[in-house]
Number of protein chains: 2
Amino acid sequence: MYKAPVEDIAFTLNHVAGLKGAIADGRLGDLSDDLVDAILLEAGRFASDEMAPLGPVGDKEGARLVDGKVIVPTGWDKLYQDWAAGGWNSLTSDPDFGGQGLPHMLNVAALEMWNGGSMGFTLGPTLTMGAVDALSAHGSDALKAQYLPKMVSGEWMATMNLTEPHAGSDLGVMKSRAERRDDGTYRIFGQKIYITWGEHDVTENIIHLVLARLPDAPAGTRGISLFLVPKFLLNADGTLGARNDLHCHSLEHKLGIHGSPTCTMIYGDGKFGNEPGAIGYLIGEENKGLACMFTMMNNARLAVGMQGVAICEAATQKAVQYAKDRTQGKAPGWSGSGMSPIIEHPDVARMLVTMKALTQGSRAICYSCAHATDLSHHGDADEARHWAERAALLTPIAKSFATDAGVDVASLGIQVHGGMGFIEETGAARLWRDSRIAPIYEGTNGIQAADLVTRKLPLSNGDHVRGFIAELKEIAEQVRASNLEAFGETAARLSSSLADLEETTEWLLARLAAGDSASALAGATPYQRLFGLALTGIYLAKGALAEEDHGREQRLSLCRFTAENLIAETAALKDRVINGAASLQAARAVLA
Amino acid sequence: MYKAPVEDIAFTLNHVAGLKGAIADGRLGDLSDDLVDAILLEAGRFASDEMAPLGPVGDKEGARLVDGKVIVPTGWDKLYQDWAAGGWNSLTSDPDFGGQGLPHMLNVAALEMWNGGSMGFTLGPTLTMGAVDALSAHGSDALKAQYLPKMVSGEWMATMNLTEPHAGSDLGVMKSRAERRDDGTYRIFGQKIYITWGEHDVTENIIHLVLARLPDAPAGTRGISLFLVPKFLLNADGTLGARNDLHCHSLEHKLGIHGSPTCTMIYGDGKFGNEPGAIGYLIGEENKGLACMFTMMNNARLAVGMQGVAICEAATQKAVQYAKDRTQGKAPGWSGSGMSPIIEHPDVARMLVTMKALTQGSRAICYSCAHATDLSHHGDADEARHWAERAALLTPIAKSFATDAGVDVASLGIQVHGGMGFIEETGAARLWRDSRIAPIYEGTNGIQAADLVTRKLPLSNGDHVRGFIAELKEIAEQVRASNLEAFGETAARLSSSLADLEETTEWLLARLAAGDSASALAGATPYQRLFGLALTGIYLAKGALAEEDHGREQRLSLCRFTAENLIAETAALKDRVINGAASLQAARAVLA
C-alpha cells in the first residue's frame, strides 16, 4: 500500500527546490518551517490512510452512469467530504475568499501525495483548483463573490470544458457557441468531450467553465470566450435554483483512472429549462477566453506532472517491497540459505534504482517549477519576471519528463513483479494503466516540447535559458570542488550533459532565428528529454550536496548511479536533435 | 483494422534473413519461392480477414469460467477449427505424423501474422506447437504414435505446465510430484499456475505437458521429470476414454490478452476418477525433464518475440492511419486549407518513423534467428553447430528486443492518438495492454539478458559472437562502399555502433573469464539492448542494399533515419555496461 514519502518530499522541497531558503529570505510571508512540516505530515497521513485504500476500489468499480446519474466508486463521496473538510482544497487560494494563501510548492507536494493515494480521485479536486485560478484572475467581483467561496472551500466542485470531438489541441476550430441575452448573461450550446468529473452527486452544485464562440467572434483562437455555467443556477440569496440546461450524455470507457468520470457534456439541447440554452456568465472579456485559460495552464500542467511523480513513487514502493519478499534463484554472491530475494539480482536492483532515480529527478524538477511560480509573485518587477520565465521554461519539462517517467517507472514496476505484474489484483498494472493518460492530456508531451522549443527558449532572447544553464554549471562545479569520493565520476558526467544541453540549446535558438522552425520542431521531443535528464542529474547532485547528515550517503550513491548510468543518454539525444532532422524529413516517404 | 504486411514479411524473409539464399543453395529441400509466396499470401489473408475482426471481441468478452467450464470468446471456436483445417498448426511438424516439414522461417512469419490478428487467440496454437516439439524430440514411439498425429493436425490442443506459485524462474524448487505406478504410468499431484489455454471446449481433448518431481528425485533442476497428462485418457483404440483427474480451478484477471484463458490447474485432487492422481506418461527419461523443456525453449522464446513484432506492426498501422485522418493545427510548411493531418507535424512523423524502424528491426532479428535454426538442421556437423550457436545467440536478443519494442511502439501508438488513445474503443490501448506480458513470460527479458551474457557469449570461447560481429562489420563496409547518397551518415553510424558492441562484448567476456559474473550481470540488460539496436541498424542496411527496385528508396530512408536517430544510443549503453556496475552496487543502499 502507498505510503506518502513525507521525508523525501520535505527534503526535496526544502533543499532542492528552495523552500527553506525562500522562507528564510522572508519571501513567503510568515510561513514557518514548522507549519510546512505540520502540513506535509498531515497530508501524508490523509493520503496514506484515507485515500490509498480507496484507489483500487475506484479502479475496480469505475464511475458508472445510471439513469442519467453518475455514480462514483464506493467510499469516494465521504472521502471527498473529509478531504475538503480538512481544508485541502484551498491551500493556495485567496484568503479573501476563504483560501489559505500558501505557496504553490506546498500544494504541489500535497498533490503528489493525493495522486499517490488515488489519481482518479484527485483529478476532481485538481480541476476545481484550476477553475478557482481562472475565476480568481479574470472573474468580475460579483461573479467571484457568488461562486468563489464555495469553490474554494470545496463545497462545489468545478470542471474545465475545452475539448470537442474535432478540436483537441487546436482550440481555434471549436464549434460550441454562445448567444448574448439582454440581461448580460449568455446562452451556451454545444458538445464537449473528455470532461473530467463533469457530472456526479458528490457536491450539490458543479461549476463548469466552458469555452465557446460568440456569433460575431473572429475566427480562430481570438474568437473564443470563457463562461461560467453552473449545473444549478443560483437564486438571489445564493441558494440553489433551477437546473441549468446541461447534462452528461455518456462516460468514456478508458484504459485507466476508471474511478474518475470522464463525461461527454451536452449544453443547451433543451433537456432542462423552459427554453434551450445553458445560462452562462462571461469570465473576463468577450473573445479573450484563451488568455483566461493560459492563466491556469501552467499550474494545470504542473499538476499533471505531479501525477507522473506520484505514479513513480507508488510504483517504486510496490516494486521494492515485492522484490524484498519474493525469492527466486540465487544471485551472484548470495550466501543465504535457499533462494535469494530477487532484489539481490543485479538486474532487478538496476531496475529498482533506476525507478528511484527517475522518481526523485521528476519530483525535483516539478518542485523547482513550483518554487519559480511562487517567487514570480514576489519581489520587484525584474525579479518577478525572472521567476515567471523560469516557471514558464520549467513547466513543459516538468509535465513531460515526470509523466514519461511515470509510464516508464510503472512499466519497470510490472517487470519487477514478473508474471504477477500482469495480474490485475497485484496493482502494478493499475498504476501503469493510470499513468498512460498523463503524457496526453493538458497538452500532449509533443505539444509541451513544441512549446518549450518555440516559445520558452526564446524568452528574453534566449538569455533566460542561458542564465539557467550557467546556474546548473555552478552546481556541477560544486560537485567537483566537493572532492567527495562517493560522487565517483559524477562531476564529469554532469558537465558533459550540460555541455550537450548548451550546444543543443544554441543550435535550436539558431534554427529558430533562421526561421527554420521545421528543423527545430523535428528535434523538440528529444531536446525536452535531454533537458529533463540533465536537470535530474543536477538536482540529485544539489540534494546530495545539501548539508544534511541524515540520508546523505544514500543521496550521494543515487546521484552517482544517475550520473554514471542514466544521463549519458544526453549525447545521443543531442545528436538526434542536431543531426536527425534531415533524415526524418527523408524518411517521411515510408509513411506514404 | 490490421492487415498482414505480406510484402514486408516476404522481403525480410528473403533478403534480410536469408530464405531466398537458403532455397537457392538447396538447403531447404524442394521448397520453392512460389510455394513460399503462396503460403505467405494465404496466411496473410486468413490473419487479416478471419482473425483480425475477432481480436477485439476476445479482449472485450474475455475468457470466462462458468460452472467449471471455460468459455472462449464468441467466434473463437470456429476460428480455431478453420485455422486448423487450413493446415496452419503443422507447418514445421514431422511429415511422419502429418506435418508439413517446412522451415521455421515460414512458421515464424505466419506466427507474426496470427499474432497481428489476435495475440490472445494465437497463444493457444503457440503452446500446442511447443508441446509438439517436445513430444517429437523426446517421446517414446508409442506415445508419439498415440498423441502426435492429433496434436500436429490441431485436433487436440496442448499446454505447458511449468510454473507454480513459488517457482517461476527457478524451476528447481517446484513441488508438483509424480508417483510411479506398477504399469509404467505415473500419478501426478500438484498445482500449476499461468497455464495458457489450460481448459476449454475448443478441442475434444487437451494434452498437458507437466513438470513434476519423483519421490526419490535429486534436489533442484536435476530432479524434474516431464509427463504427458491428457484431459481425457485414451482407450486402446485411440478413442477418448475416462476423464483424467485434473481441472481448471480458476482464471486469472489479467491486464491484457483477455481472450486467452490463463488457468490455475489442479492435478490429482480426486475430483475425477476412482482414486486421486492424474494419470501421466513419462516423456524422455526420469529426472531429465528440464532437458526436454530446453528443446522447445528456443522456439518458444522466438514465438514470443513474434508477438512483439506483431504488436509493433499492428500498432504502427493503426497510428499511421489515424495520423493521416486526424487533422489538428498547422504543421510547419503546411500549405493546404484548414488544419493539417497530424502526420505532417514533425513530432508525430518522428514517432511514426521510429515505430516503423523498430518494427522492421525486430522483424529482421527474429527472422534471422529462425533462419539460423533452420540451417542448424542441415549441412555437416560443424555447419550445424555454427548455426545452432547463432540461433542460441540470437534467441534472447530476438525475444527481448522485439517484446520491448512491442511495448514501446504500442505506447507511441497511443501517444499518436492523443486523447483517443486512452479510450478503449480505439483499440490502441488494447495493443499496449496485450504487449506488456511478452517481456515477462518465457523467461523475463532480464533472464534473457543473463542467458545472453553468461551462456551465449561464451559459446566457442567467445569466437562465435566475434565471428558474428565480423560479419556485421562487412555489411557496414558494404554500405560505405555503395556510396549511395541516400544512406547519409549511415556507414559511419553503423561502424560506431558495432565498435560499441565489440568493445562491450570483449569487456563482458573478460569479466566472465575473471569470474566476476556480478559485474557482467549488472550490465546484461543494457548490453542486450545495445546488441538489438546494432542489429537493427545492420539488418535495415542489409535490406536497403538488396538489389530490389521496388521500395528501395523507402528502405534507404528508413535505414538512414535509424542510423542517424536511433542507434547512437549504443554509446550510452556501452558506458552503462562498462562503467555502471560499481555505482549500481553502491546505490543498492537506497533500496534498504
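Read the figures in this text as sums done on the coordinates, not as results from a lab. Everything numeric here is computed off the predicted structure, so don't read it as measured data. Here Cβ is always computed from backbone atoms with ideal geometry, including for glycine, and neighbour counts include all displayed protein chains.
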Requested in this report: Find the eigenvalues of the gyration tensor of the Cα atoms of region B:67-136, then list the square roots of 5 times those eigenvalues as equivalent ellipsoid semi-axes, largest first, in whole angstrom.
Outcome: 22, 14, 11
Report task. Kindly give the distances from B:Ser460 to its copy-mates, label point to label point, with each label point 7 Å from Cα along Cα→Cβ, as nm values to one decimal ordered shortest first. Result -> 6.2
Report summary line: The set of residues whose placed amide H lies less than 5 Å from the amide H of B:Phe232, leaving out same-chain residues fewer than 5 positions away, is B:Ile206, B:Asn244
Query raised in the report: For region A:364-493, what is one quarter of the convex hull surface built on the Cα atoms, given in nm²?
Result: 11.0
**Report entry** Bins of 10 Å, starting at 0 and running to the largest distance - Cα pair percent for chain A
**Finding:** 3, 17, 27, 27, 18, 7, 2, 0, 0
Report summary line: In cubic angstrom per residue, the convex hull of the protein assembly as shown built on its Cα atoms measures 170
Report task. Take the Cα of B:Arg45, step 7 Å along the line toward its Cβ, and report every residue of region B:109-152 whose backbone nitrogen sits under 14 Å from that point. Result -> none
Query - 0 to 90° range, to nearest 10: angle between helix A:346-375 axis and chain A longest Cα axis - result: 50
Query raised in the report: Going by Cβ distance under 4.7 Å, what cysteines of chain B have no possible disulfide partner?
Result: B:Cys292, B:Cys312, B:Cys366, B:Cys369, B:Cys559
Query - Other-chain or far-sequence residues with amide H under 5 Å of B:Lys330's (modelled H) - result: B:Ser340
Query raised in the report: Using 0.36 nm per residue, how much length does the chain from B:Glu383 to B:Asp34 gain when fully extended, once their Cα-Cα distance is taken away?
Result: 122.9 nm
Report summary line: Across B:355-363, the residue-averaged tally of Cβ atoms belonging to other chains within 10 Å stands at 1
Report task. Kindly provide the Kirkwood hydrodynamic radius of region A:189-242 in Å, to one decimal, from all pairs of distinct alpha carbon atoms. Result -> 13.2
Query raised in the report: Between B:Leu65 and A:Glu477, what FRET efficiency comes out of the Förster formula 1/(1 + (r/R0)^6) with R0 = 51 Å and r the beta carbon distance, rounded to 0.05?
Result: 0.20
Report summary line: Sorted largest first, the Cα spans of region A:247-397 on the principal axes come out in Å as 77, 50, 16
Query raised in the report: Suppose R0 equals 35 Å; then what is the FRET efficiency for A:Phe272 and A:Ala85 from their Cβ-Cβ distance, rounded to the nearest 0.05?
Result: 0.70
Report task. Mind running the shape call on region A:78-197? Use the C-alpha gyration tensor, a ≥ b ≥ c as the square roots of the eigenvalues: rounded below 1.5 for a/c, prolate if a/b tops b/c, oblate otherwise. Result -> oblate
Requested in this report: List every residue whose amide H lies under 5 Å from the amide H of B:Lys288, counting only residues 5 or more places away in sequence or on a different chain, with H placed 1.01 Å from N in the peptide plane.
Outcome: B:Leu226
Report task. Can you give me the three principal axis dimensions of region B:1-121 from its C-alpha atoms, in Å, biggest first? Result -> 56, 35, 17
Report summary line: homo-copy label distances at A:Pro165 (7 angstrom along Cα-Cβ), nm, one dp, ascending, are 5.0
Requested in this report: Only Lys, Arg, Asp and Glu count, each charged at its Cβ (+1, +1, -1, -1), so figure out the dipole size of region B:157-291 about its Cα centre, rounded to 20 debye.
Outcome: 280
Report summary line: Convex hull around the C-alpha positions of region A:460-592: the volume in Å³ per residue is 107
Report task. Apply the Karplus parameterisation 6.51 cos²θ - 1.76 cosθ + 1.60, with θ equal to phi minus 60°, to every residue of region B:270-279 and state each ³J(HN,Hα) to the nearest whole Hz, in sequence, with x for glycine and proline. Result -> x, 5, 10, x, 7, 10, x, x, 7, 6
Requested in this report: Just tell me which lysines come within less than 20 Å, Cα to Cα, of A:Lys399; anything on the same chain fewer than 8 places away is out.
Outcome: A:Lys356, A:Lys456
Query raised in the report: Can you run phi through the Karplus equation (6.51, -1.76, 1.60; θ = phi - 60°) for region A:296-313 and list ³J(HN,Hα) in whole Hz, with x for Gly and Pro?
Result: 9, 5, 4, 5, 5, 5, 5, 4, 5, x, 5, 4, x, 4, 5, 5, 3, 5
**Report entry** Furthest towards positive pole of dipole, A:His258, A:Ala314, A:Gly284, structure part region A:220-322, Cβ charges
**Finding:** A:Ala314
Report summary line: Taking R0 as 41 Å and r as the Cβ-Cβ distance between A:Asp25 and B:Lys330, the FRET efficiency 1/(1 + (r/R0)^6), rounded to the nearest 0.05, comes to 0.35
Requested in this report: Could you give the size of the charge dipole of region B:445-586 about its Cα centre, using +1 on the Cβ of each K and R and -1 on the Cβ of each D and E, expressed in debye and rounded to the nearest 20?
Outcome: 380
Query raised in the report: For region B:383-515, what is the charge dipole size about the Cα centre, in debye to the nearest 20, if Lys and Arg each add +1 at the Cβ and Asp and Glu each add -1 at the Cβ?
Result: 320
Query - Hz values of 3J(HN,Hα) by residue in region B:486-501 - Karplus curve (6.51, -1.76, 1.60), Gly and Pro given as x - result: 5, 6, x, 8, 3, 4, 5, 5, 5, 4, 5, 5, 5, 5, 4, 4
Report task. For A:Gln146 and A:Glu553, calculate 0.36 nm times their separation in residues minus their Cα-Cα distance, and state this gained length in nm to one decimal. Result -> 141.2 nm
Requested in this report: Assign one of three labels to region A:157-288, namely rounded, prolate or oblate, based on the Cα gyration tensor with a ≥ b ≥ c the square roots of its eigenvalues; rounded applies when a/c is under 1.5, prolate when it is not and a/b is larger than b/c, and oblate otherwise.
Outcome: oblate
Report task. Would you kindly state how much longer the chain becomes between A:Ala514 and A:Ala236 on full extension, computed as 0.36 nm times their sequence separation minus their alpha carbon distance, in nm to one decimal? Result -> 94.2 nm
Requested in this report: Before anything else, pin down the relative contact order of chain B: Cα pairs under 8 Å, at least 6 apart, normalised by residue count, whole percent.
Outcome: 13
Query raised in the report: Tilt of helix A:381-417 relative to the longest C-alpha principal axis of chain A, in degrees (0 to 90, nearest 10)?
Result: 70
Query raised in the report: Taking the label point 7 Å from Cα in the Cβ direction, how far apart in nm is A:Gly270 from each other copy of itself, listed shortest first?
Result: 7.3
Query raised in the report: Farthest toward the dipole's positive end in the protein assembly as shown, which of A:Gln360, B:Ala476, A:Leu240, given Cβ charges of +1 (Lys, Arg) and -1 (Asp, Glu) about the Cα centre?
Result: A:Leu240
